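The values are calculated or read from the model by the stated rules, or taken from the named source; none is laboratory data. Being a predicted model, the structure only gives us computed values, none of them experimental. Neighbour counts run over all protein chains shown; Cβ positions are idealised from the backbone, glycine included.
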Amino acid sequence: MEKNIKKILETLENEGYQAYLVGGYVRDYLLGVTSFDVDIATDALPKDIHRIFNSSKNNYGSVNIKVDKLNVDITTFRKDLNYVNRRPSKVVYINNLKEDLERRDFTINAICMNKNGKIIDLLNGCKDLDRRTIKMIGSIDVKLKEDPLRIMRAIRFACILDFKIEDELYEKIKEYSYLVGDLSKERIKNELDKILISKNYKYGLELMKDTKISEVLEINYDDINYVDDLLGMWAQVKVLNIPFTNVEKGNIIKITEVLDFGKIDNEILYKYGLYISRVAGKILNIKTTKISKMYNKLPIKSREDIDITSKEISSIVGVGEVIGETYKIIEKEILNYRLKNKKSEILKYLEKRKWELCLKIIKNLWQKLYLLKKPWNWIYL
């Protein structure tokens, strides 16, 4: 136990309150895993916690304080009553540790530790840790109906910890899997992110398929190659209605486009850049060192690197869209080492092939106009 965490427990006890570490920190400590998930349970009321630690940060009834690099949530012993929309409509503060632990989800998350490092296990969580089993506290039916996110959490913990889900709980997850469809997309994505970025992701995805959760969420996946990049993982999953940011969507689309090409060459590196190429390359089992070397050797990395101006191009091929189309042709020639990135060479190339270029450009523009006449195709332009 870190000294700063022990100090928080001691501070609460010196004020006359009970205080215990609980949840993920204790679970991970017993598993020999470093944890930054610090939760403290106490019988001190929120107003007293605010007073003692001079904190105003409140997160759904938990008082949050920052100690060095750790975020610590201090929560008063409580009972959650009458769940509405996945949250308790009423919270009653109590002074009984066991009653507080009984409101939690799984036994492995209800193990406590006092300031001296002594383990307090009132719900047999240590036994389930030893058995490497995810077991629900209390009535499974009630807990899953109260908040179906517990279904996703069970699968996530089984995946990350490489644990088995207790048979009775697993059958109930199958029975109530349809309830996951009522969860907010943000809560679903948060759990899926943690499953996908785990090196044991295949187990999590298998559990989702077997319990029909992937069907409920309309998520399809076949063979997925693990990459240490979340967007790279999402790019290998066919999914609807997941709330990505515009930047995330854009990068996922770019990664999938590169995967469709099935290779990394100079044109791909130039168009998509090093980050997208590296992520897609990992999925395609291409070494990142090779991709980095290729990128560093590119004759041009952007249009600004080309040794000719748009004015100089227009003096040969004309104005308007033809300039952009001509740039594309020049880029391709340079990237494939058929043309040197030297002004005199580029001008010579354009003069020699200007009529050929004009015909090619007209053909490209005509194809675009043709597609515009097709109402089902305009979206792809």
From the options 105, 37, 28, 100, residue that is surrounded by fewer than 19 Cβ atoms within 10 Å (Cβ to Cβ) and modelled with pLDDT of 90 or more: 28
Hits in the range 101-130 (condition: under 29 Å from the mean Cα position of the chain (by Cα) and farther than 25 Å from residue 91 by Cα): 128, 129
All positions within the range 123-175 that are in a helix (DSSP H, G or I), surrounded by 14 or more Cβ atoms within 10 Å (Cβ to Cβ) and among the β-branched types (Val, Ile, Thr): 140, 151, 155, 160, 173
Residues being of a type in the set (Val, Ile, Thr) and loosely packed, with under 15 Cβ neighbours inside 10 Å - total across the range 303-349: 2
Residues located in the range 26-52, provided they are part of a helix (DSSP H, G or I) and either more than 32 Å from the chain's Cα centre (by Cα) or under 20 Å from residue 99 (Cα atoms) (or both): 26, 27, 46, 47, 48, 49, 50, 51, 52
Residue, farthest from residue 314 (Cα to Cα), within the range 340-376, restricted to residues that are at pLDDT 85 or above and not in a helix (DSSP H, G or I): 340
Residue selected from the range 285-302 under the condition in contact (Cβ under 8 Å) with a residue 40 or more places away in the chain and buried (at least 16 other Cβ atoms within 10 Å of the Cβ), by the criterion farthest from residue 230 (Cα to Cα): 299
Looking only at the range 45-92, and only at residues there that are in contact with a Pro (Cβ under 8 Å, 6 or more places away or on another chain) and modelled with pLDDT under 90, the one that is surrounded by the fewest Cβ atoms within 10 Å (Cβ to Cβ): 82
Selection count, the range 217-236, where residues are among the β-branched types (Val, Ile, Thr) and surrounded by fewer than 18 Cβ atoms within 10 Å (Cβ to Cβ): 1
